[in-house]
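Below: one structure, written as structure tokens.
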Amino acid sequence: MIIGVGVDIVDVPRFKRQLTRTPALVERLFAESERSLSLRSLAARFAAKEALVKAVGDPTGFRWHDVEVVSDELGRPSFRLAGYAAESVAAHGIDTLHLSLSHDGDSACAFVVGEGGVR
């Protein structure tokens, strides 16, 4: 059963301006494993984190570093959750997360589906 859906889109040039203006944002928003990625990949991962919060429906207590976007050997993205983010997702009845990322031109987007009761 679908518990929640979230989508977010990031304007890559605007995101770049924010990171240039405030370089500490990279460390604040991204796990160490994410920080060396390209600008477009960072923008897509930021969109993924925002879309996850929307799918859960409650941003209370989420910390950026507790949500890491990882890719398998085929490049398929997924979340690695820790701390309150993992607890919150479970507390909302979500036991499976689906993540899709895309970037084209000046836009990066992410789509998240949270399912519960999936076995």
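The values are calculated or read from the model by the stated rules, or taken from the named source; none is laboratory data. Keep in mind the model is a prediction, meaning the values are calculated, not measured. In case anyone asks, the SASA skips ligands and DNA or RNA and just uses the protein heavy atoms, side chains included. Shrake-Rupley method; radii C 1.70, N 1.55, O 1.52, S 1.80 Å.
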Self-check item: Computed helical MRE - 222 nm, the chain, DSSP H runs ≥ 4 contributing -39500 (n - 2.57), nearest 500
Solution: -11000 deg cm²/dmol
Practice problem: Measure nothing but the geometry: give the 0 to 90° angle between the long axis through the Cα atoms of 12-21 and the longest principal axis through the Cα atoms of the chain, rounded to 10°. | Solution: 70
Exercise. Using only C-alpha atoms and all pairs of different ones, pull out the Kirkwood radius for the chain in Å with one decimal.
Key: 14.4
Quiz item: Which whole-number percent gives the relative contact order of the range 29-106, counting Cα pairs below 8 Å spaced six or more residues apart?
Solution: 30
Self-check item: Among 34, 68, 87, residue whose mean-square fluctuation peaks in a GNM of the chain (springs only between Cα atoms under 10 Å)
Solution: 87
Quiz item: Solvent-accessible area per residue for the chain at a 1.4 Å probe radius, Å²?
Solution: 57
Exercise. Calculate one ³J(HN,Hα) per residue across the range 104-116 by plugging θ = phi - 60° into the Karplus curve 6.51 cos²θ - 1.76 cosθ + 1.60, and present them in order as whole Hz with x for glycine and proline.
Key: 8, x, 9, 10, 10, 9, 9, 10, 10, 10, x, 10, x
Quiz item: Using the alpha-carbon atoms, what tilt in degrees (0 to 90, nearest 10) does helix 39-56 show relative to the longest principal axis of the chain?
Solution: 30
Quiz item: How large, in percent, is the carbon and sulfur part of the accessible surface of the range 2-115 at a probe radius of 1.4 Å?
Solution: 52
